[in-house]
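Inspection log for the structure reproduced underneath, given as structure tokens.
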2 protein chains.
Amino acid sequence: MPPSRQPSQARPLRADARRNREALLTAAREAFLAGDTDAHVEEIARRAGVAVGTLYRHFDTREALVAEVYRQEVADLCAAPARLLAEHGPDEALRRFLLLLVEHAAVGRGMGEALESIMATDSPVFDDARSDMAHALDTLLTAGTAAGLVRPGVDGRLLLRALGGICGMRAHGWQQDAIRITELVHDGLRHTASRT
Amino acid sequence: MPPSRQPSQARPLRADARRNREALLTAAREAFLAGDTDAHVEEIARRAGVAVGTLYRHFDTREALVAEVYRQEVADLCAAPARLLAEHGPDEALRRFLLLLVEHAAVGRGMGEALESIMATDSPVFDDARSDMAHALDTLLTAGTAAGLVRPGVDGRLLLRALGGICGMRAHGWQQDAIRITELVHDGLRHTASRT
DNA sequence: ACATAAAATGAACCGGCCTCACCTTAGGAG
DNA sequence: CTCCTAAGGTGAGGCCGGTTCATTTTATGT
């Protein structure tokens, strides 16, 4: 069995290996940000200055590489809620985070498709990203609920799904729409519905 | 140039051609509903009892076939608003339509992916489907706004995008979530926000 | 029945992702 | 410093799916 790709702190990678792995991630990220959403593996390898085989030594599959790039993006994003809650009230923090989400999805407008292709799989690698994100949203929602500003019964997981659609958007003017949709959802959250 | 695939009432298709075209659409629909979302062209052709070449005589590409199947589904759905408005008040009609949308997306839970793969392209074939759908939603929104139940400034196109995400859902328990999300959006629509 | 254009066929092609038998090299031991 | 060896790298080729097109079959008007 080839050693699990999760660098489960088994053995510290050899120097050149670590360098190449990083180069591949960078090359992929750059390609995506540049809009070349479905860059071929050959192309990514070439950009990183390695052969395809090397790509496959580090990532089980093309998808896995894409997933890793996205996982890192998500990690960045997950740091935001704590900061926002420190600087703003719960409601405003939530609003700003939602908008940040849109902005993030916008990066080069290539990440959107990548994200979508990832959402389509249910690899465990990905569950982590999702649950991290859901947890980040939970932080905001809990604060909001405690302050009586957000209806109870909505958790991060649900909200994440509600917003999932905006990331796949590609059509002209999508960003404008995405912002208005988050406003819509945000208002929905605050509305103390009388529905059973 | 091979004659445009839009049967622009130029010449009525030969009898066997019409039969095969129909068989292909049926085969594709069945495959999707059965959950075999990415059925190979060979498989679809086989189910329809024709060769691949025939598939390509009728549809420019695999995508085009998928698009046509979906277009027909949408047409069905677009008939609903008029009926619902006749039977219920504007607000209730809107709510029911949103739920119907979810139910429809549920059909065999294969249509979701197909839809997603279609949303990803911006072929004109598809603009029609989208604008028909948006128009159907407009009917409901206009009625709601007139009755003072829905905030102004939201049109069908925007709402359609807001809901786009639910169709891609595949994870366990998605349908439950989808219903709650439509409730969320529905409440958001009714909330008369004070935002500028 | 015949002519002919429309339609059907399916083997071959092409462009992606991925594999694997072989070569190269980092980096520790002596 | 040199040698050894396991980790790492290589890239031609396999595979698989969508698409093409020269050839064959067939519906339909005369």
(message) So the check is Cβ under 7 Å with 6+ separation or different chains; which pairs have a first residue in region A:138-157 that's in a helix (DSSP H, G or I) and a second one that's β-branched (Val, Ile, Thr)?
(response) A:Leu141/A:Val150; A:Leu141/A:Val154; A:Gly144/A:Val150
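Go through the residues of region A:40-61 one by one and say whether even a single one is modelled with pLDDT under 85, within 16 Å of DNA strand C (Cβ to nearest atom) and more than 30 Å from A:Gly144 (Cα to Cα). Quick ask: steps written out before the conclusion?
So in region A:40-61, the residues modelled with pLDDT under 85 come out as none.
So far as region A:40-61 goes, no, none of its residues is modelled with pLDDT under 85, within 16 Å of DNA strand C (Cβ to nearest atom) and more than 30 Å from A:Gly144 (Cα to Cα).
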(request) Report yes if B:Val74 is in the same structural domain as B:Glu183 (by TED's automatic domain parsing), in contact (Cβ under 8 Å) with a residue 40 or more places away in the chain and in contact with an Asp or Glu (Cβ under 8 Å, 6 or more places away or on another chain), otherwise no. (result) yes
(message) Here's a check for you: in region A:32-47, which residue that is more than 17 Å from the chain's Cα centre (by Cα) and hydrophobic (A, V, I, L, M, F, W, C) is surrounded by the most Cβ atoms within 10 Å (Cβ to Cβ)?
(response) A:Ile44
(message) Suppose we keep only residues that are part of a helix (DSSP H, G or I) and among the small types (Gly, Ala, Ser) within region A:100-126. Which one would you say is modelled with the lowest pLDDT?
(response) A:Gly108
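Within region B:62-99, track down each residue that is basic (Lys, Arg) and modelled with pLDDT under 85. Explain how you work it out, then say what you get.
Filtering region B:62-99 for residues basic (Lys, Arg) gives B:62, B:71, B:83, B:95-96.
Selection gives B:Arg71 alone.
The values are calculated or read from the model by the stated rules, or taken from the named source; none is laboratory data. As the structure is a computational prediction, the values presented were derived from the model and not from experiment. Virtual Cβ from ideal backbone geometry, glycine too; neighbours counted across all protein chains shown.
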